[in-house]
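These notes are about the structure you will find just below.
Read-outs: derived from the displayed coordinates by stated rules, not from any lab. These figures come from a predicted structure and were not determined experimentally. No Cβ is skipped: glycine too gets one built from the backbone with ideal geometry, and neighbour counts run over all protein chains shown.
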2 protein chains.
Amino acid sequence: MSKNFVVAVCGATGAVGQEMLKVLEQRDFPYSKVIPLASARSVGKKVECKGEELTVQELTEDSFDGVDIALFSAGGSISEKFAPIAANAGCVVVDNSSAWRMNDECPLVVPEVNPQDLDWHKGIIANPNCSTIQMMVALKPIHDEAKIKRVVVSTYQAVSGTGHKAIEELENQVRRLMSGQPVVADVYPHQIAFNCLPHIDVFMDNGYTKEEMKMVNETIKIMGDPSIKVTATCVRVPVFYGHSESVNIETELKLTADDVRALLAKAPGVTVEDYPEKLIYPMAINASGEDDTYVGRIREDETIENGINMWVVSDNIRKGAALNTVQIAETLIERDLVRVP
Amino acid sequence: MSKNFVVAVCGATGAVGQEMLKVLEQRDFPYSKVIPLASARSVGKKVECKGEELTVQELTEDSFDGVDIALFSAGGSISEKFAPIAANAGCVVVDNSSAWRMNDECPLVVPEVNPQDLDWHKGIIANPNCSTIQMMVALKPIHDEAKIKRVVVSTYQAVSGTGHKAIEELENQVRRLMSGQPVVADVYPHQIAFNCLPHIDVFMDNGYTKEEMKMVNETIKIMGDPSIKVTATCVRVPVFYGHSESVNIETELKLTADDVRALLAKAPGVTVEDYPEKLIYPMAINASGEDDTYVGRIREDETIENGINMWVVSDNIRKGAALNTVQIAETLIERDLVRVP
């Protein structure tokens, strides 16, 4: 790589922002400079990348002069306001919020699945929802081979998806309960310790949560196929890192469990972990800190003609957020698309 | 109730056995005497029922002389051996293990669903698997109204289903992790604290676990309808009490979400908790210690013509085990069936 890029990380002090800095370092991203940006209250904080101490600067309308790529993970309203400002300044934005995902002008990209959608970007590229990304990586090879008609998914989502404060809330609640004290719930509406909350993001008029509808709508956009039907139940569980998903798939053509294992074994970004006889299957604690999406418990669903059940686990902060965002930036570089048309 | 019954509780020191004694007391079960039975190493231990201290006696071949009803929760091999001995002694057995569930001579009963199956008992009645029971209570009114064709269920099961030792294991692992120590896994093959295990009971040749196949096969037997197709993914989560289930249903006839709410609102043993706008939905921590099965997140699944998603939560030790067993005994009394034919 001859050219090196100036990269801004917006929301650099958040759970995902910090992971982005780590991923840039781990993947030796070709940057000449990293500029950590955040809101006024974080200005002056120190973050680190490739051994270099960086001082957090305030995110303003002038932050993007001379910046080639901006990685955003600072919440939807910040993205709504600042992503167009950055793009107007000639900086390509990869945004991790939900603000731009369903905008027709913005590609929604999982690099292993639809890198070609980057070709039509107009300055803002959206990173999909965490629970959607890992499902897409696992479903794409199956869709290519046998055409997916319908997906019934139930998720088991880690608290880190909500951010630092949710991680602290689970820790605090567990500590209080273990010492017989009453718990306090601030981040979530109810106790998350030793409980399951069938509620992620806000409720919509149709009774589904926004998180559930993200899985429905983002799947269609990423796969580029409006015929794929998804119904989702999204559940928060008392796990720190790693989303797990129980995925039931109906395909047009018949695939055996062995077919699916073989397809996924050669799929990019996927590791098949499916040796139940050796008690080996994907688990959140193993996926945590890893890049791949782990798939196991692959078995035929005999209740329909062409059915498959599987268990899909990935680190929601890495592949579900920071890693996928950086991979999009890398793919932009590979395809020579680091410019606003 | 004129007659009072002599009741034996086999496995009286276990998690379910102790809950059975509590349920007998809470429901003022018409017993003249309760005999707590257990293996030799628990002999002499004290348990309590209706304020009376009872001394645990050893379970032997002679334990059932003069006993009317025996409630078993002492594991499959104990049930296999001693249930026929009890029945031969003229004692009606309600067995909470999986030993007799699929035996054609033994009714498999959820009192709200198929009390009539008690009429053909031959001395041994089986109590279904915990995750099946709560699903049956919620599905029966829907099946009666609209005929269920297919169910896709993913479970979120509490560690108490495994017994006292699993409760201690989760507690110990959490304490060790919170103080930075490595964890020990004895009861489960992997760490359960802050993790999800897609593995309950042993793996079968078809790739499913025995727990998953219980949900498939027991549903058919309890509903008395081999046309109902169930596919299940059973998952252990770090929750102490209360199993949660994400249930996707396809029916023959169309039901709206409101139809389902209305059906379940008048169903025995069910409480509808479905006010997402008020952040009210079923949760394990609320169901814990309660008798009912809680159903919420009821919504139409638009990916099929007649589809419903819902979230079903119940106390796995009460309705999933001890309560249902005692309710079977109560139903036997009501139907004058406390005798071995």
message = I need to check one value: relative contact order of segment A:132-315, counting alpha carbon pairs closer than 8 Å and at least 6 residues apart, in percent.
response = 28
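Tell me, which longest segment in chain B has none of the trypsin sites (Lys or Arg not before Pro) that fall in DSSP loops with at most 15 further Cβ atoms within 10 Å?
Details: sites that count: B:Lys3, B:Arg27, B:Lys45, B:Lys50, B:Lys122, B:Lys147, B:Lys254, B:Lys266, B:Arg335, B:Arg339.
Looking at chain B, B:148-253 is the longest stretch - no exposed trypsin sites (Lys or Arg not before Pro) with at most 15 other Cβ atoms within 10 Å.
Going through the cross-link list B:Lys22/B:Lys122; A:Lys278/A:Lys319; B:Lys149/B:Lys254; A:Lys165/A:Lys210; B:Lys22/B:Lys210; A:Lys140/A:Lys221, which pairs have a Cα-Cα distance over 18 Å in this structure? Write out the running numbers ahead of the final one.
Values: B:Lys22/B:Lys122 27 Å; A:Lys278/A:Lys319 27 Å; B:Lys149/B:Lys254 12 Å; A:Lys165/A:Lys210 21 Å; B:Lys22/B:Lys210 29 Å; A:Lys140/A:Lys221 13 Å.
From B:Lys22/B:Lys122; A:Lys278/A:Lys319; B:Lys149/B:Lys254; A:Lys165/A:Lys210; B:Lys22/B:Lys210; A:Lys140/A:Lys221, over 18 Å: B:Lys22/B:Lys122; A:Lys278/A:Lys319; A:Lys165/A:Lys210; B:Lys22/B:Lys210.
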Amide hydrogen neighbours beyond the local backbone of A:Ile125, cut-off 5 Å, H modeled = A:Val93, A:Val94, A:Asp95
remark   = Within segment B:147-167, the residues whose backbone N lies under 19 Å from a label point placed 7 Å from the Cα of B:Val184 along the Cα-to-Cβ direction are B:163-167
ask   = Using modelled backbone amide H atoms (1.01 Å from N, in-plane), which distant-in-sequence or interchain residues come within less than 5 Å of A:Ile35's amide H?
value = A:Val7, A:Ala8, A:Val9
note = Computed over the protein assembly as shown, the distribution of all Cα-Cα distances in 20 Å bins, rounded to whole %, is 18, 48, 26, 8, 1
query = What list of ³J(HN,Hα) couplings, whole Hz, do you get for segment B:119-128 from phi and the Karplus terms 6.51, -1.76, 1.60, once you set θ to phi - 60° and write x for glycine and proline?
reply = 4, 9, 5, 10, x, 10, 10, 9, 8, x
ask   = Residue by residue through segment A:38-50, which ³J(HN,Hα) values in whole Hz follow from phi under the Karplus form 6.51 cos²θ - 1.76 cosθ + 1.60 (θ = phi - 60°), with glycine and proline marked x?
value = 7, 6, 3, 5, 9, 4, x, 4, 9, 10, 10, 8, 6
remark   = For segment B:129-142, in residue order, the Karplus 3J(HN,Hα) values (coefficients 6.51, -1.76, 1.60; θ = phi - 60°; whole Hz; Gly and Pro = x) are 4, 3, 5, 6, 4, 5, 5, 5, 4, 7, 8, 4, x, 6
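Identify the GluC sites (Glu not before Pro) of segment B:37-110 meeting these criteria: DSSP loop state and at most 16 other C-beta atoms within 10 Å of the C-beta.
Details: sites: B:Glu48, B:Glu52, B:Glu53, B:Glu58, B:Glu61, B:Glu80, B:Glu105; in loops: B:Glu61, B:Glu105.
Filter output for segment B:37-110: B:Glu61, B:Glu105.
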ask   = Taking the Cα-to-Cβ direction at B:Lys50 and at A:Asn103 and moving 7 Å from each Cα, how far apart do the two end points lie in nm?
value = 7.1
Amide H contacts of B:Cys49 (H built 1.01 Å from N, under 5 Å, at least 5 apart or other chain) = B:Leu54
